Amino acid sequence: MTEETLTYREIARMIDISAVQAPQGETEIRELINYAKEYGFGAVHVLPAWVSFARSLLNGADGIALGAPVGFPSGGNHAAIKRAEAQQMIADGIDELDMMINVGKLRSGDDGYVLDELKAVITEVSVPVKVILETHYLNDDEIKRACAMCIAAGARYVKTSTGWAPTGATMANIRVITSCTGGRIGVKASGGIRNLNTLIEMYRLGVRRFGINLLASVEIVQACRELPEGRVRITP
């Protein structure tokens, strides 16, 4: 098997940085987008009310996607509200959506509700949808069922976490997700990724998008940049 390498630029393109905590506003979003432009991060994510503002700041910045969450952070919103929220963000200029699954319905075994809700949003919008599972609250069976529904509904990615739960992406839950998705849907690891080694280990398992806080994102890209030829080797 041929050894693969990733440059620091390629790693930056896989990273989504965000300002989606409750107190974050104009100052933090300006900083976020300035860093995205400087380091070439693949996407910036903001809360729904800030989409139009972020779009105005990104004007002319090629290659940086603008994302925002639906039903964030609990997932407990009524399905009709999630659909309306998604439609509004499309009108405001979003490039992709991260939809929070209804964790309570999933854990209650109401898979029909969960699947119908996913379809109600995903089929309504023209942009890629990543579905957030919030794996901290799920057992392996629930993760597998959720992944199957995301595939059936036409989601583009399964995403581990919001960043608001006590834990996020772990090697254990990434293994569960990738083992049951089998490349049929993309995987985004989010929450708790703090260094280049963790990113590479998850990449080996099939993860191709990463949600990482701004400070850790910069440190990861810088760590790769300082390697010989600015690239890291992915051993088979």
Percent of beta bridges antiparallel (DSSP, region 4-234, rounded to nearest 5): 15 percent
If I take R0 = 41 Å and measure r between the Cβ atoms of residue 34 and residue 87 in this structure, what FRET efficiency does the formula 1/(1 + (r/R0)^6) give, to the nearest 0.05? 0.90
Do the alpha carbons of any pairs in 119/188; 82/144; 82/105; 82/188; 82/119 sit beyond 18 Å of each other, and which pairs? 119/188; 82/144; 82/188
How far apart, in nm, are the 7 Å Cα→Cβ label points at residue 235 and residue 175? 1.9 nm
Counted neighbours (other Cβ, 10 Å), sorted fewest up, put 158, 127 in the order 127, 158
The chain, dipole about Cα centre (Lys/Arg Cβ +1, Asp/Glu Cβ -1), debye to the nearest 20: 360 debye
Can you give the helix-only mean residue ellipticity at 222 nm for the chain, where every DSSP H stretch with n ≥ 4 adds -39500 (n - 2.57) and the sum goes over all residues, rounded to the nearest 500 deg cm²/dmol? -13500 deg cm²/dmol
Hypothetical label at residue 113: residues of region 76-107 whose amide nitrogen lies under 17 Å (7 Å Cα-Cβ projection): 76-83, 100-107
Net charge, residue 16 excluded, C-beta distance under 12 Å - Lys, Arg +1, Asp, Glu -1: +3
Of the candidates 111, 92, 62, which one comes out as most mobile in a Gaussian network treatment of the chain with C-alpha springs shorter than 10 Å? 62
Of 56, 217, how do they rank once you tally other Cβ atoms within 10 Å and put the fewest first? 56, 217
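Since every read-out is calculated from the coordinates, none of them should be taken as a lab result. Note that the coordinates shown come from a computational prediction; the quantities given were computed from them, not determined experimentally. Please note: Cβ atoms are built from the backbone with ideal geometry, for glycine as well, and neighbour counts cover all protein chains shown.
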